[in-house]
Amino acid sequence: MNLEELLTKAQSGEKLAMLTCYDATFSKLMEMAGVDILLVGDSLGMVLQGFDNTLQVSMAAMIYHTEMVARGCNQTFIMADMPYGSYENNPQLAYRNAAKLIAAGAHMVKLEGGGAMIETVNYLAKRDIPVCAHLGFTPQSVHQLGGYKIQGKTFQEAQQISNDAKLMSDAGASFVLLEMVPASLAKQITESVAIPTIGIGAGVDCSGQVLVLQDLLGIYTGVADKNPNDHKSPRFVKNFLTGTQSIQQAIVQYVQAVKNKTFPAAEHSY
Ligand code: KIV
């Protein structure tokens, strides 16, 4: 499915189901399960490489995993993360690195940040590189944000995120991804911006949802934790493997739950 078809789907009111995907086997499984967008997320630094954040993920790793994902599926839309340090400095650097991800098989790149990224998003979009702007909790800013915290709780923060979403849309972004923001804020943004929103910990009213594969399967215990039994999953995580017979079925159930709006429920939202 291409970008135009995805946008039409979102406009018709159908929710988009997105999942992180890092290799060819899961890429094929997810395509068969009807996942709309495969995200080669830099979360691979945590769930595959064992780091406790995403800051050490390299361009080489993102290219390697994007190539694998692209080989596994035939027609599913692939979004790839621009890793930390590969785009923030200037639009030209961003273009060179985004082009490598597109050459590796991605159809869109995702980058983190709002207002400071206007020029870069505009530069990429004008050169036909589709962009998703990641707002709210942005994992590459974990140190600046002081940890894994919900964003947009105060009036000022909410205004900032809402303005950033509009700026990103005006700059040419095709999607906005909202992570860990109050459901009411995500709803307001979804209703007011011209492009679809994808939520993770952002309530059911976004145009689509994304989860990290390992969270959906209930197998990520947080490698940095001293005692994995103490690992507490974020509120927005749901284990879809519980009560199903197979990984394939768990992914199908996730897709269905997104499409029929039973996921995320209030208990997964802020
Ligand atoms: O890298 C990733 O998996 C992400 C999701 C958390 C949206 O950006």
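Numerical summary
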read-out: Gly41 vs. criteria within 23 Å of Ile219 (Cα to Cα) and more than 15 Å from the ligand (Cβ to nearest atom); value: no
read-out: Residues located in the range 33-74, provided they are closer than 26 Å to Glu4 by Cβ, out of contact with any helix residue (DSSP H, G or I) (no Cβ under 7 Å at 6 or more places or on another chain) and assigned to a helix (DSSP H, G or I); value: Glu67, Ala70
read-out: Matching residues in the range 147-163 - criterion: being in a loop (DSSP other than H, G, I, E, B) and open to solvent by less than 50 Å² (accessible area, probe 1.4 Å); value: Gly147, Ile150, Gln151, Gly152
read-out: Subset of the range 95-138 (residues that are aromatic (Phe, Trp, Tyr) and either away from the ligand (no atom under 13 Å from the Cβ) or at pLDDT below 95 (or both)); value: Tyr95, Tyr123
read-out: Within the range 188-218, tally of residues that are polar (S, T, N, Q), within 14 Å of the ligand (Cβ to nearest atom) and surrounded by fewer than 22 Cβ atoms within 10 Å (Cβ to Cβ); value: 1
read-out: Residue pairs meeting the criteria (Cβ under 7 Å; at least 6 apart or on separate chains; first within 20 Å of Asp170 (Cα to Cα), in the range 97-115; second of a type in the set (Asp, Glu)); value: Lys110/Asp81; Gly114/Asp164; Gly115/Asp164
read-out: Filter pass, Leu55 being closer than 24 Å to Lys149 by Cβ, buried (at least 24 other Cβ atoms within 10 Å of the Cβ) and within 15 Å of the ligand (Cβ to nearest atom); value: no
read-out: Filter result (of a type in the set (D, E, K, R) and open to solvent by 10 Å² or more (accessible area, probe 1.4 Å)) within the range 110-131; value: Glu112, Glu119, Lys126, Arg127, Asp128
read-out: Condition check for Ser141: more than 16 Å from the ligand (Cβ to nearest atom) and not in a loop (DSSP other than H, G, I, E, B); value: no
read-out: The range 92-127, residues that are under 16 Å from Leu167 (Cβ atoms) and assigned to a helix (DSSP H, G or I); value: Gly115, Ala116, Met117, Ile118, Glu119, Thr120, Val121, Asn122, Tyr123, Leu124, Ala125, Lys126
read-out: Any hit, the range 180-187, residues being assigned to a loop (DSSP other than H, G, I, E, B), of a type in the set (A, V, I, L, M), within 16 Å of the ligand (Cβ to nearest atom) and buried (at least 21 other Cβ atoms within 10 Å of the Cβ); value: yes
read-out: Matching residues, the range 132-146, being open to solvent by 70 Å² or more (accessible area, probe 1.4 Å) and in contact with a Phe, Trp or Tyr (Cβ under 7 Å, 6 or more places away or on another chain); value: none
read-out: Boolean, Gln75 is open to solvent by 40 Å² or more (accessible area, probe 1.4 Å) and more than 30 Å from Asp205 (Cα to Cα); value: no
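The values are calculated or read from the model by the stated rules, or taken from the named source; none is laboratory data. If you're wondering where the values come from, they're calculated on a predicted model, not measured in any experiment. Glycine also receives a Cβ, built like all others from the backbone with ideal geometry; neighbour counts cover every protein chain displayed. For the accessible areas, the whole protein counts, side chains as well, though only heavy atoms, and no ligand, DNA or RNA atoms are used. Shrake-Rupley method; radii C 1.70, N 1.55, O 1.52, S 1.80 Å.
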